[in-house]
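The values are calculated or read from the model by the stated rules, or taken from the named source; none is laboratory data. Treat the numbers as computed from the prediction; the structure is a model and nothing was measured. Neighbour counts are summed over all protein chains in view; Cβ atoms, including those assigned to glycine, are modelled from backbone coordinates with ideal geometry. Ligands, DNA and RNA are excluded from the accessible area calculation, which covers all protein heavy atoms including side chains. Shrake-Rupley method; radii C 1.70, N 1.55, O 1.52, S 1.80 Å.
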Amino acid sequence: QCVLTGQWTNELGSNMTIRAVNGKGDFAGSYHTAVTATTNKIQVSPLQGSHHRMNQKGQPTFGLTVSWSFSDSVTVFTGQCFVDETGKEVLRTMWLLRSHVDNIKDDWKATR
């Protein structure tokens, strides 16, 4: 069974901590990225998320939002927690990052 609470590290060295998940599937935590496109000093940033109730296989889908403490941007992640063939818990996610732009004409370049 895959449990989202705890500490997670990705292949780039970023660290995410998910605290307790409540009965509705909501959770909070923090994200410390190892990479950034800004020149600002990286800071630990808060996250909020929700996971779908466990399916019979115990591999929940989830979504979370990170509001970056060191830049004018927000990233949303969606994914699923898996247990691989060795019994290791693995998160597979996709993300979108929205950066601040000064006007609607620049909207095209605000989302990665």
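Can you give me the number of residues within the range 60-112 that are of a type in the set (S, T, N, Q) and within 19 Å of residue 26 (Cβ to Cβ)?
7
Residue 12 fails exactly one of the following numbered conditions: (1) free of Cβ contacts under 8 Å to residues at least 24 places away in the same chain; (2) more than 17 Å from residue 112 (Cβ to Cβ); (3) outside any strand (DSSP E or B); (4) open to solvent by 60 Å² or more (accessible area, probe 1.4 Å). What is the number of that condition?
(2)
Check the range 37-57 and report whether any residue there is within 24 Å of residue 100 (Cα to Cα), among the β-branched types (Val, Ile, Thr) and outside any loop (DSSP other than H, G, I, E, B).
So far as the range 37-57 goes, no, none of its residues is within 24 Å of residue 100 (Cα to Cα), among the β-branched types (Val, Ile, Thr) and outside any loop (DSSP other than H, G, I, E, B).
Quick one: in the range 37-55, which of the residues that are surrounded by 15 or more Cβ atoms within 10 Å (Cβ to Cβ) and among the polar types (S, T, N, Q) is nearest to residue 83 (Cα to Cα)?
Among those residues, the one meeting the criterion is 50.
Could you list all residues from the range 65-104 that are in contact (Cβ under 8 Å) with a residue 12 or more places away in the chain, open to solvent by 100 Å² or more (accessible area, probe 1.4 Å), outside any strand (DSSP E or B) and not charged (D, E, K, R)?
Within the range 65-104, 100 is the sole residue that qualifies.
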